[in-house]
Structure formats: structure tokens, C-alpha cells
1. Where a Cα-Cα gap under 25 Å defines reach, which lysines qualify for LYS9, not counting those fewer than 8 residues away within the same chain?
2. Can you compute 3J(HN,Hα) from phi for each residue in region 28-43, using the Karplus curve 6.51 cos²θ - 1.76 cosθ + 1.60 with θ = phi - 60°, rounded to whole Hz and x for Gly and Pro?
3. Given the peptides 97-104, 127-134, arrange them by the average over their residues of other C-beta atoms within 10 Å, most packed first.
4. What are the radius of gyration and Dmax of region 54-148, computed over its Cα atoms and given in Å?
5. Among residues other than GLU2 whose Cβ falls under 15 Å from its Cβ, what is the net charge (Lys/Arg +1, Asp/Glu -1)?
6. Hey, what number do you get for the chain at 222 nm if only DSSP H runs of n ≥ 4 count, each worth -39500 (n - 2.57), divided across all residues, to the nearest 500?
7. Tell me, what % of the accessible area of region 43-118 is carbon and sulfur with a 1.4 angstrom probe?
8. Once region 1-101 is represented by equal point scatterers at the alpha-carbon sites, with solvent omitted, what log10 I(q)/I(0) does the Debye formula produce at q = 0.14 Å⁻¹?
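The values are calculated or read from the model by the stated rules, or taken from the named source; none is laboratory data. Bear in mind that the values here come from a model prediction, so they are computed numbers and not experimental data. Note that we place each Cβ from the backbone using ideal geometry, even for glycine, and neighbour counts take in every protein chain shown. In case anyone asks, the SASA skips ligands and DNA or RNA and just uses the protein heavy atoms, side chains included. Shrake-Rupley method; radii C 1.70, N 1.55, O 1.52, S 1.80 Å.
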Amino acid sequence: MERTFVMVKPDGVQRGFIGEIVSRIERKGLKIVGMKMLSIDEGVAERHYAEHREKPFFRSLVDYITSGPVVAMVVEGRDAVSVVRRLVGKTDPAEADPGTIRGDLAMDIGRNVVHASDSHESAKREIGIFFSRDEIIDYRKFDEGWVYEQ
Ligand code: IDP
Ligand code: MG
């Protein structure tokens with residue numbers, strides 16, 4: 001099993017999509033093993049988006065992600081990183097396929113409602129920024145035998 005980091009961004013929270021996004025993750029058969037609402041400060045935003053430091057949109061990205069509360073999650077499942085990226089859809093919601101979260105719920109690349117880690121390494125790094133060890137819960141979910149053949 002693999003873990004990935006998912007976040008409902010400030011626009012997702014403000015537009016009332018916490019439940020919608022959590023629900024899509026649950027319905028897929030993924031397991032939520034950590035979840036909290038928080039406000040991201042500038043330092044954490046800069047760390048989280050460090051790979052984009054030199055990009056022209058970096059400042060507006062930091063402003064966006066610190067503009068209101070977010071809901072952060074650790075999500076577990078087989079190939080969770082790539083499965084969740086496909087649920088989320090392309091970065092630009094205008095190009096994201098219908099049926100994906102961004103394809104269904106957003107219009108603008110600077111307001112794309114959700115974040116998901118893009119690799120196993122990013123997931124480890126991002127989970128480490130937002131969650132301490134005791135905030136991630138190891139538990140058995142009763143439906144696992146129905147979600148996975150083995
Ligand atoms: P991702 O969120 O799909 O992984 P990244 O390329 O990692 O996309 O970019 C991080 C975030 O930065 C995007 O989700 C989006 O909010 C923002 N972003 C990316 N490219 C642009 C852009 O060209 N203009 C404005 N914001 C952008
Ligand atoms: Mg990214």
C-alpha cells in the first residue's frame with residue numbers, strides 16, 4: 001500500500017467542496033488515514049511549493065494557498081499517488097477531463113480546488129510537512145476484502 005498527500009485548497013473549502021472531494025476519494029476505495037483543517041502560513045506554503053520557487057506564478061500561488069483554511073489528508077491505497085492524480089485531473093481545470101475533480105468543479109489554473117502529490121517521493125516529503133507520526137492512523141477498514149481481490 002502507498003500513501004499520498006491530498007489537500008482541499010482554500011477555494012475548495014470556500015465553495016463548499018470538502019465533502020464532495022472527500023466523498024470521491026472514499027467512493028474510489030481509497031482509505032483516509034489522516035485528516036485535518038488548518039491555515040497554512042507563508043513559510044509552510046513556500047516549503048510545500050519549493051519546486052516552484054522560480055516560477056512567475058510563485059507569489060500568487062503562495063497568496064492563494066494561504067488565503068483561507070485548507071483540509072489536508074493522508075490517503076492510502078494500492079498505487080495511491082497515481083490513482084489520486086487521475087481522480088484529480090490535469091493542473092489546468094479547463095483541460096481536465098470531465099469526471100475528474102478539477103474537470104468537474106473548477107475553471108482556472110490558479111483556482112483548481114485540490115492538491116495531490118505527483119510522486120512517491122513528493123508524497124513522503126509533503127506528508128512530513130503537514131502531519132506528525134501520531135496524526136496518521138493505522139487501522140483496518142472492514143471493506144478491504146471487497147475493494148481488493150487480494
Ligand atoms: P499540480 O497541482 O497539478 O501538481 P503544479 O505544476 O505542481 O500542478 O503546480 C502547483 C500549483 O500551482 C497548481 O495546482 C496551480 O494551483 C498553480 N499553478 C501551476 N501552474 C500555474 C500557472 O501557470 N499559473 C497560475 N498558477 C499555476
Ligand atoms: Mg504539483
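1. Of all the lysines, those that pass the test against LYS9 - Cα under 25 Å, at least 8 places apart if same chain - are LYS28, LYS31, LYS36, LYS55, LYS90, LYS124.
2. 5, x, 7, 10, 8, 10, x, 7, 7, 9, 7, 9, 8, 8, 4, x
3. 97-104, 127-134
4. Both quantities, over Cα of region 54-148: 15.2, 47 Å.
5. Overall, the nearby charge balance is +1.
6. Rounded to the nearest 500, it is -10500 deg cm²/dmol.
7. Accessible surface attributable to carbon and sulfur in region 43-118 totals 50 percent.
8. Calculated log10 I(q)/I(0) at the listed q: -0.57.
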